[in-house]
Structures are given as structure tokens and as C-alpha cells.
1. Are there any helices (runs of 4 or more DSSP H) wholly within the range 183-288 with 3 or more residues that are closer than 22 Å to residue 29 by Cα, and if so which?
2. Can you tell me which of 262, 326, 231 is surrounded by fewer than 17 Cβ atoms within 10 Å (Cβ to Cβ), more than 30 Å from residue 75 (Cα to Cα) and at pLDDT 95 or above?
3. Taking only the range 289-336 into account, find how many residues are outside any helix (DSSP H, G or I) and farther than 21 Å from residue 41 by Cβ.
4. Taking the condition modelled with pLDDT under 95 and of a type in the set (A, V, I, L, M), does residue 294 pass?
5. Report the residue count in the range 276-319 for those that are acidic (Asp, Glu) and over 20 Å from residue 248 (Cα atoms).
6. When you go through 174, 159 one by one, which is the residue that is farther than 23 Å from residue 81 by Cα, modelled with pLDDT of 95 or more and not acidic (Asp, Glu)?
7. Could you grab the pairs with beta carbons closer than 6 Å, sequence gap of 6+ or different chains, first residue in the range 253-281 and farther than 17 Å from residue 228 by Cα, second one basic (Lys, Arg) and surrounded by 16 or more Cβ atoms within 10 Å (Cβ to Cβ)?
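The values are calculated or read from the model by the stated rules, or taken from the named source; none is laboratory data. Since this is a predicted model, take the numbers as computed values, not measurements. Neighbour counts are summed over all protein chains in view; Cβ atoms, including those assigned to glycine, are modelled from backbone coordinates with ideal geometry.
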Amino acid sequence: MAHTKPIVFSGIQPSGDLHLGNYIGAIRNWVAGQTQFDNIFCVVDLHAITVYQHPEVLRAKIRETVGVLLACGIDPAQSLLFIQSHVTAHTALAWVLNCLTPVGWLERMTQYKDKAAKQESVGLGLLDYPVLMAADILLYQTQFVPVGDDQRQHLELTRDIAGRFNHLYGETFRLPDMLIPPVGARIMGLDEPTAKMSKSTNRPYHAVGILDPPDTIMAVMHRAVTDSGREIAFGDDPAKAGVTNLLTIYQALSGHSRQTIEAHFAGKGYGDLKREVAEVVIDTLRPIQQRYKAFMDDPATLDGVLRAGAAAARQRAVPMLDTVKERVGFLPPHAL
């Protein structure tokens, strides 16, 4: 099967609790780009276990993540959607890449240094995380990877690893490029509007979850940090970051221009702003939540999507892995 569209790989951890920032900043763009790109969406459960996961919780979160992606509009007829551990070529390639990746390259990773500094004992998986990420990307001859600021260094490492393999064993891997998300897609924490909304933050009023019920959404928005002023307008003033964040959410989900939004809120108070942002969020998420419930109530269909996705991913990944094995000098089974 020929793939003529640019190949885009996106990995998402099944830590669950996907939030409004994930939807506006990433998932919505993935859905919109399905006709433009040959999209590969991978639920990276192998990456998730770099920190301990309770097995039953992890299994539930994997299914939840798949259900949310489908409910948001990821279409298995247009895009490849699968679970990382269902395609063993990912770990097999990661081992080969491990053997040519200097440890010093990994120890320089900012995320590793930040996370390791907070832990008494560091597992090898945390250090090796970027090599598995490189394998994920390189297996599919990926051309573009959507990345935020926190993943740019990892993609640069992927290019370095691919370049080193190509130098040692001949041209094999395509060097992937970054796909920069549209401007204005960065959603900040509702309780801390100077920091990006994050799944790893467990504070109760930090984020709105994609699966949160309307009363929870209204309560979280009601507690959103603003300031002591009254002006409702977009701006770069750090003191107005909370108001700008709420307006950014409203703009992203309503589709209205900044001028239209500022005119709409002229003369209104922060209470009106929070209520109307909550309402547009609730209206946006309601049909997603309804579709999610339908998928979760029909596990056979969900399982069928995952089986088909894994089979299609293997068809694309295994030939690439076989090429790598041949290049490094492994003896193929059929030669015995």
C-alpha cells in the first residue's frame, strides 16, 4: 500500500484524565489533519510504565484514552490508531538503537534531569525513554512529529540517533521534522495561568477534564484565577494572564474573532466571562462525552478497532525492522 500523504506520528500516554488543553492544543488538530496527513496515533503504554502503574488502573486508562480519541473524532478509516505494546517491533528497534546511543546523550535530556532530581532512585526506563520514542517515530519513516516545547529536545535526539545509524549502516531512516501547532493553541492552568495546563498536575481546580460533568466544569471555571481589575481583553500583561487564558479558550471553541469576543464582553464582569466560557466548554464536550459513553458501552467494537490498528501497524513496522536487522548483520530466520 502506497502512502503518498506526509506521514505524521503522534504518541499519547494513557495516563488518563485528558483535559481541555490536550483537546484544544493537540487532539482537535489531529482530527482536522486526518485528510491532509497519513496520521499514526499510538497510545504509548510502554512509556507509561517508566513510573509504576497499578495494572488494573493502567488497563482501564488505556481503554479510556482510546475511547476519548475516537469520541473526539479520530477515524480508524482515515488514521492508524493502535496500542504501542501490541506492536513488538517498537521494543525490538529500541534495543538496536540503544546499542548505538551514547549514555551522555541521554543524560543531557532536560526532562530526564528534572525528573531524576525529584526521585531517590531512578529506573533505567526513565533514562531510556527517548530511545523508545525514537524507535516509535523511526519505524514508520515519519516525516513530521507534532511537538510542544517540552518535546523538542527529544525529537532532536531522534534525528541524532537516526543520523548515527545511517552513518554506521547506510541510509535507512528518514530524519523527521517538527510539526509546529497553530499559534494560540497553548492553554494554561486555570489555577496558575502562567504555566501550561498539565495532566501531571493533580490540583483540583487546575484543569477541565474532557470527561468532566457540567457541574464540575462550572465549578472549576468559577474558581479560575483572574486579577483585581475589570477589563476583559486579550493581552500580554502577565497580570492579566488568567483573563487572557479564559478568552483564548473561548476563542478556540467559539471560533469568533478577538474583536468580536472583546466587543461581546465589553461592560461585563469576570463572573460573566467565567460562566460563558464554562458554557461553551460544556457545549463542546457534551457530544464528545456522549460518543465516549457509546464506545465504552460497546467493548467489542473498541477491541475490533484496536486489533485492526495493531495489524495495520505491524504491516508497516515489521518490514522496517527487518531492514534494520539485515543492516546490522543479524541472520534472518529463513536462512537457517
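1. Working: elements: 214-222, 241-254, 258-265.
Of the helices (runs of 4 or more DSSP H) lying wholly inside the range 183-288, those with at least 3 residues that are closer than 22 Å to residue 29 by Cα span 241-254.
2. The unique qualifying residue is 326.
3. Let us first name the residues in the range 289-336 that are outside any helix (DSSP H, G or I), namely 297-298, 329-332, 336.
Still in the running and farther than 21 Å from residue 41 by Cβ: 297, 329-332, 336.
Within the range 289-336, residues that are outside any helix (DSSP H, G or I) and farther than 21 Å from residue 41 by Cβ number 6.
4. On the way: modelled with pLDDT under 95: no; of a type in the set (A, V, I, L, M): yes.
For residue 294, the condition - modelled with pLDDT under 95 and of a type in the set (A, V, I, L, M) - is not met.
5. Of the residues in the range 276-319, the ones acidic (Asp, Glu) are 276, 279, 283, 297-298, 303.
So of that shortlist, the ones also over 20 Å from residue 248 (Cα atoms) come out as 297-298, 303.
Summing the residues that are acidic (Asp, Glu) and over 20 Å from residue 248 (Cα atoms) in the range 276-319 gives 3.
6. Numbers: 174 fails: farther than 23 Å from residue 81 by Cα.
When all the criteria are applied, what remains is 159.
7. Going by the 6 Å Cβ cut-off, there are no qualifying pairs.
Residues are listed down the side, and each one gets a yes or a no for (1) in contact with a helix residue (DSSP H, G or I) (Cβ under 6 Å, 6 or more places away or on another chain); (2) surrounded by 17 or more Cβ atoms within 10 Å (Cβ to Cβ); (3) without any contact (Cβ under 8 Å) to a residue 12 or more places away in the chain; (4) β-branched (Val, Ile, Thr):
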site: 93; (1), (2), (3), (4): yes, yes, no, no
site: 97; (1), (2), (3), (4): yes, yes, no, no
site: 106; (1), (2), (3), (4): yes, yes, no, no
site: 113; (1), (2), (3), (4): no, no, yes, no
site: 120; (1), (2), (3), (4): no, no, yes, no
site: 131; (1), (2), (3), (4): yes, yes, no, yes
site: 134; (1), (2), (3), (4): yes, yes, no, no
site: 137; (1), (2), (3), (4): yes, yes, no, yes
site: 141; (1), (2), (3), (4): no, no, no, no
